[in-house]
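The values are calculated or read from the model by the stated rules, or taken from the named source; none is laboratory data. Note that the structure is predicted; figures quoted are calculated from it, not measured. Reconstructed Cβ throughout: ideal geometry from the backbone, glycine too, with neighbour counts over all protein chains shown.
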Amino acid sequence: MSMPTDFPADATTRFKALALKSGATLVGVADAAAFDAHAPAKHRPVDLLPGARTVVVVGGAQPRAGDWVASSPWLLSTMGTTERIQGVGRRLAQAIESELGYYALFVPPGTAAGEAPFMSLMLAAELAGLGTRSLAGPILNREHGFMYWSAVVTTAPFDVDGPTTDAACPAPACRDMWEREHTTPCLRVCPLDAGGCLAGRLEGDRAVRTAYDAGRCHTRVHTHWVGGFQKVLEETLNEPDRARRKMLVYGDFMTRTLWSITYSSTNIAQCFECMRACPAAHGLKEMR
Amino acid sequence: MATDAVVDAVKRVGLDAGARVVGVAAADAFRAGVPEGFRPEDILPGARSVVVAGGDGPTAGAWRCPDHRVMEITGYDLRENVAIHAMCDYIERELGHYAVQAPSLPVHGHEPPMSMMHAAELAGLGTRSFAAHIILNPEYGLLYYAALITTLPLPADPPLAEPACPHPGCAAMYKRIGTTPCLRVCPACLSGTMKSARIETSTYDREKCHSRAQTYGIGSFQKALLAVVDEDDPARRREMIHSDFFAKSIQSLGFFRDSIAQCFECMRVCPVGRKHRKLK
């Protein structure tokens with residue numbers, strides 16, 4: 001990467017500090033070109049911002065310890081916290097432009113079409129050295145576990161962090177469990193061969209995912225939201241009985257679905273079980 | 001009337017909370033151009049001042065993105081609303097006066113209880129443009145506005161003496177070829193004339209613009225839903241319900257904060273504030 005001569009030497013340190021001050025738990029920088037080997041065309045940084053040099057990735061806003069131990073299953077599915085990390089990304093993008101004078105594009109959350117995001121935030125987090133893929137799927141940071149991500153594609157030539165080789169998964173407790181029982185918490189909580197979504201194994205210190213049923217996972221993680229609304233709408237229109245139709249419209253499912261659409265930014269998922277069971281995802285720290 | 005130091009302190013709170021610009025209008029200045037029922041005192045009895053905050057829209061990087069969907073869902077942080085809340089808190093807690101965020105979302109049709117565009121004009125933050133009458137700030141161009149209404153009497157900022165539109169470059173272009181960048185890029189929605197480097201007439205076809213700028217949103221959802229309900233064939237109905245158009249319409253309801261518009265062309269070509277969109 002050619003470094004413009006007027007790029008401040010302390011810019012990377014300064015902007016990382018700004019990210020942390022703005023609420024990120026983690027911040028890292030990926031080389032925009034590093035995406036080429038992994039991301040399909042149209043989903044790479046340069047496809048979003050011509051001349052992109054780096055991708056600044058922030059992580060944080062993960063459920064708190066209290067969220068994980070809460071006894072209500074609805075808590076995690078309705079009190080999502082991702083919005084907080086998106087705010088940090090937006091703030092960084094504005095600051096890069098106004099303070100450094102380089103283009104910065106906040107990668108929009110959500111999907112560009114179908115289930116495909118504009119750019120994979122998980123890949124960005126990996127390439128920025130903030131975490132590694134887990135047997136369950138999400139990127140886990142070795143220190144903080146499961147978190148939400150936001151990214152800014154920029155022409156600013158920040159110093160790049162390489163991907164980490166220090167994988168968070170499998171956690172030591174999972175290695176012990178594998179030796180004992182030949183399974184891990186996430187594989188046990190959602191086994192593919194028993195109606196779940198995950199299959200895999202540990203090879204020494206390495207987690208190897210052998211299968212993941214994305215379709216099945218989707219029907220559990222997204223029981224409500226856009227797909228849920230489409231489903232219940234079709235069912236309602238196909239229902240010939242007027243009284244039953246009314247019941248469907250005012251039913252709990254339709255009501256929750258409408259709520260989840262309205263609060264889409266906070267209602268991201270309705271299943272967190274593989275992460276709830278993961279010792280690397282939210283640490284083992286006991287709270288009072 | 002509060003002192004200049006007080007108004008400076010209020011503005012500082014807004015700027016520190018993320019507003020790009022902050023201005024003050026007198027509440028009674030709205031009487032001249034605003035119908036009864038839509039004035040600050042109709043929302044907060046005893047209103048004396050309106051403080052307006054302008055926040056950044058898409059970043060310069062977002063403007064450059066070749067994927068048009070990024071601008072549709074560009075993740076506005078709408079910091080102007082945060083700035084307004086920070087200033088409301090400051091006015092009530094520190095200065096002991098009532099302060100409320102001015103309601104700006106439409107309550108029927110396209111009509112908001114109070115016009116943020118007019119508030120921005122009266123607070124000296126910008127003037128109307130040829131481009132869909134969008135308020136342009138002379139320094140930053142397109143900004144998004146929010147306002148608060150307060151019983152605190154603050155010295156008002158005067159409306160701008162010089163309009164932000166037309167930009168000198170546009171005036172020169174009009175002289176040469178009888179049009180401007182925005183009028184040329186969208187002759188379907190916009191028309192106007194210029195005289196002595198000032199807007200002489202300006203027409204904006206809001207309905208036509210709406211059908212382009214908001215192809216997804218509440219309107220498209222209502223339209224698509226009616227078509228679905230009116231369809232008798234279950235197989236065809238299924239196809240419509242699970243189509244990309246209907247799914248995007250529902251998503252746009254969910255992401256209403258992020259998916260504000262789907263056409264930005266009149267603003268993309270506008271030279272006002274372009275220096276902030278031209279980076280390294």
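Computed quantities for the displayed model
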quantity: Hits in the range B:178-194 - residues which are farther than 16 Å from B:Leu136 by Cβ and either assigned by TED's automatic domain parsing to the domain that holds B:Asp244 or part of a loop (DSSP other than H, G, I, E, B) (or both); calculated: B:Gly178, B:Thr179, B:Pro187, B:Ala188, B:Cys189
quantity: Matching entry among B:Glu36, B:Glu80 (being touching a strand residue (DSSP E or B) at 6+ places or on another chain (Cβ under 9 Å) and either charged (D, E, K, R) or assigned to a helix (DSSP H, G or I) (or both)); calculated: B:Glu80
quantity: Scan of the range A:149-168 for residues that are away from chain B (no Cβ under 14 Å) and surrounded by 21 or more Cβ atoms within 10 Å (Cβ to Cβ), ordered by number; calculated: A:Ala168
quantity: Single unsatisfied condition, A:Leu187 versus (1) in a loop (DSSP other than H, G, I, E, B); (2) modelled with pLDDT of 95 or more; (3) in contact with a Leu (Cβ under 9 Å, 6 or more places away or on another chain); calculated: (1)
quantity: Elements of type helices (runs of 4 or more DSSP H) in the range A:1-107, at least 1 residues being crowded, with 16+ Cβ neighbours inside 10 Å and within 11 Å of chain B (Cβ to nearest Cβ); calculated: A:45-48, A:82-95
quantity: Any hit, the range B:144-152, residues being of a type in the set (Phe, Trp, Tyr), farther than 21 Å from B:Trp63 by Cα, surrounded by 15 or more Cβ atoms within 10 Å (Cβ to Cβ) and in contact with an Asp or Glu (Cβ under 8 Å, 6 or more places away or on another chain); calculated: no
quantity: Unique match (being within 18 Å of B:Leu148 (Cα to Cα) and at the interface with chain A (Cβ under 9 Å from one of its Cβ atoms)) among B:Arg39, B:Arg79; calculated: B:Arg79
quantity: Lone unmet requirement of (1) within 14 Å of another protein chain (Cβ to nearest Cβ); (2) in contact with a Pro (Cβ under 9 Å, 6 or more places away or on another chain); (3) not aliphatic (A, V, I, L, M) for B:Thr180; calculated: (1)
quantity: Options A:Cys217, A:Cys174, A:Cys190; residue that is under 17 Å from the mean Cα position of the chain (by Cα) and either surrounded by fewer than 24 Cβ atoms within 10 Å (Cβ to Cβ) or of a type outside the set (A, V, I, L, M) (or both); calculated: A:Cys217
quantity: B:Lys175 being away from chain A (no Cβ under 14 Å), free of Cβ contacts under 8 Å to residues at least 60 places away in the same chain, more than 29 Å from B:Met71 (Cβ to Cβ) and part of a helix (DSSP H, G or I); calculated: yes
quantity: Filter pass, B:Ile91 being buried (at least 21 other Cβ atoms within 10 Å of the Cβ) and at pLDDT below 90; calculated: no
quantity: Selection status of B:Pro153, at pLDDT 95 or above, closer than 30 Å to B:Leu95 by Cα and more than 15 Å from the chain's Cα centre (by Cα); calculated: yes
quantity: Pairs, first β-branched (Val, Ile, Thr) in the range A:30-51, second crowded, with 21+ Cβ neighbours inside 10 Å, C-beta under 7 Å, six or more apart; calculated: A:Val46/A:Ala32; A:Val46/A:Ala52
quantity: Among the residues listed as A:Leu100, A:Leu105, A:Leu49, A:Leu18, the single one being under 20 Å from the mean Cα position of the chain (by Cα) and either assigned by TED's automatic domain parsing to the domain that holds A:Met122 or among the charged types (D, E, K, R) (or both); calculated: A:Leu105
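Residue-wise test of (1) more than 30 Å from B:Leu279 (Cα to Cα); (2) assigned to a helix (DSSP H, G or I).
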site	(1), (2)
B:Ala2	yes, no
B:Val6	yes, yes
B:Ala19	no, no
B:Phe30	yes, yes
B:Pro58	no, no
B:Pro66	no, no
B:Met71	no, yes
